[in-house]
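The block underneath contains the structure these notes are about, expressed in structure tokens.
The values are calculated or read from the model by the stated rules, or taken from the named source; none is laboratory data. Note that the structure is predicted; figures quoted are calculated from it, not measured. Every residue, glycine among them, receives a Cβ derived from its backbone with ideal geometry; neighbour counts consider all protein chains shown. In case anyone asks, the SASA skips ligands and DNA or RNA and just uses the protein heavy atoms, side chains included. Shrake-Rupley method; radii C 1.70, N 1.55, O 1.52, S 1.80 Å.
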Amino acid sequence: MRKSILAALKVCSIIALTSVGSVSSYSVQETHAASCRGGQGIGVHRTVRLNTNGGKRYGTSHGGAQNFLKHKEVVLTFDDGPISSVTNKILHELDRHCAKATFFMVATMAKNNPALAKKVANKGHTIGIHSYSHKNLGKLNGKSAISDVNRSINAIERAVGRDVAPFFRFPYLSENRSVNQHLNRLGYGVFAIDVDSLDYRFSNSTSMVNRVMSELNRKGKGIILLHDIQRVTGSGIGQLLDRLNKGGYKIVHIKGSGGKDPVAPVLVSSAESKAKKAKPIVVAANTATQPKPKVKKVKVVKKTKVQRTTVKKKVTRKKKLTTKQALQNRNNPIRAKLKKRIVITQAQPAKKKRVKTQKVAKVTAQDVFKGNRAKVLKQFNKNKQAFRAAIKKRIIN
Ligand SMILES: [Zn+2]
């Protein structure tokens with residue numbers, strides 16, 4: 001029965017619906033397109049275009065969340081990538097199951113592998129922002145945190161070669177009030193989570209999948225957090241998609257609305273030409289935002305300077321030794337020249353001697369004074385002796 005329904009819906013039937021509840025916060029495209037793997041693939045149940053204007057928040061973990069999911073609906077999200085060893089496996093499994101997901105990329109990761117970032121986009125998955133280098137933005141001051149967000153948006157969009165969805169997720173879900181205000185101005189939605197896979201804690205993929213399923217069964221629906229840098233997620237994603245399908249869960253693919261996050265995939269070639277056009281700006285941004293390597297270069301220069309000076313000192317020492325040797329050898333033709341130099345060098349210590357003699361002169365003056373004093377004392381002593389002699393005489397007399 002189910003197969004026949006799916007066969008009838010091989011061509012995606014798109015039913016545009018107006019949103020219910022939070023008015024105009026999202027529009028829905030019903031896309032019952034699970035036609036892959038002979039109807040065994042979970043596919044995409046529906047695509048939701050989220051209107052993120054007005055500081056919208058998604059995911060129950062940080063409150064005030066937009067409720068766009070129905071019972072048994074899930075959104076797959078992957079953070080921290082892309083990295084070829086894991087992201088490629090995930091892309092392969094998502095393809096195999098005809099599923100779509102959202103990748104919250106870290107800018108440094110996307111910059112390291114722009115081809116993979118483009119691949120994610122060209123496969124029709126949604127790309128969101130997950131900071132520049134995964135700093136805890138909640139611990140940064142407003143200015144630094146906003147700067148990080150701006151840099152991350154620029155870097156990721158350049159790596160991907162086009163605009164990405166206006167979706168932002170804070171690293172560690174650690175929010176920054178200034179960044180929230182900034183994202184609100186930019187029209188970005190802030191994403192938290194409903195179901196945490198805790199995939200970084202697991203080494204066994206089945207255990208990780210069991211964890212996700214038990215959390216989902218408890219909550220009934222939600223945005224699932226996974227990481228496309230975790231091996232266990234790469235090896236377990238196929239199993240998770242199978243379990244979701246068997247458990248009757250439906251995948252919802254979220255997209256941005258407005259000018260960002262275009263519906264039709266952009267060809268890699270055109271994306272690359274866009275990136276090439278933007279290259280001068282990339283260089284400027286890189287030089288402005290990465291001062292650390294410059295400092296390192298300066299340090300290296302300092303080191304080389306020190307090395308040069310030590311080398312020079314060594315050389316001069318060696319020269320002195322050779323002049324001595326040359327002087328000892330009477331047959332040496334440069335002996336006369338060296339003698340002149342010695343005359344000059346001898347004249348220099350002579351100056352020092354003069355200084356010394358001046359000092360001696362001062363000392364001698366004191367000595368003279370002391371000598372005079374000694375003479376006076378001697379005379380006094382003599383007088384004493386004479387005085388004593390006179391007294392003796394008087395006694396005797
Ligand atoms: Zn993260």
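At-a-glance table
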{"read-out": "Test for Val190: is it within 16 Å of the ligand (Cβ to nearest atom), within 22 Å of Phe68 (Cα to Cα) and surrounded by 24 or more Cβ atoms within 10 Å (Cβ to Cβ)", "value": "no"}
{"read-out": "Filter pass, Thr60 being among the hydroxyl-bearing types (Ser, Thr, Tyr), surrounded by fewer than 24 Cβ atoms within 10 Å (Cβ to Cβ) and touching a residue at least 12 places away in the same chain (Cβ under 8 Å)", "value": "yes"}
{"read-out": "Yes/no for Leu225 being at pLDDT 95 or above and more than 16 Å from the ligand (Cβ to nearest atom)", "value": "no"}
{"read-out": "Count of the range 67-101 residues which are closer than 19 Å to Lys221 by Cα and away from the ligand (no atom under 13 Å from the Cβ)", "value": "13"}
{"read-out": "Given (1) within 23 Å of Val252 (Cα to Cα); (2) within 16 Å of the ligand (Cβ to nearest atom); (3) not in a helix (DSSP H, G or I), index of the condition Thr233 fails", "value": "(3)"}
{"read-out": "Test for Asn141: is it more than 16 Å from the ligand (Cβ to nearest atom), closer than 26 Å to Glu175 by Cα and open to solvent by 40 Å² or more (accessible area, probe 1.4 Å)", "value": "yes"}
{"read-out": "Any pair with Cβ under 6 angstrom, 6 or more apart, that starts in the range 83-95 at a residue that is among the basic types (Lys, Arg) and ends at one that is crowded, with 22+ Cβ neighbours inside 10 Å", "value": "Lys89/Gly234"}
{"read-out": "Ser133 within 15 Å of the ligand (Cβ to nearest atom) and without any contact (Cβ under 8 Å) to a residue 40 or more places away in the chain", "value": "yes"}
{"read-out": "The listed residue being open to solvent by 10 Å² or more (accessible area, probe 1.4 Å), more than 21 Å from Asp199 (Cα to Cα) and assigned by TED's automatic domain parsing to the domain that holds Arg57, out of Asn154, Asn88", "value": "Asn154"}
{"read-out": "Subset tally (residues that are within 16 Å of Lys100 (Cα to Cα) and touching a His at 6+ places or on another chain (Cβ under 8 Å)) for the range 193-241", "value": "3"}
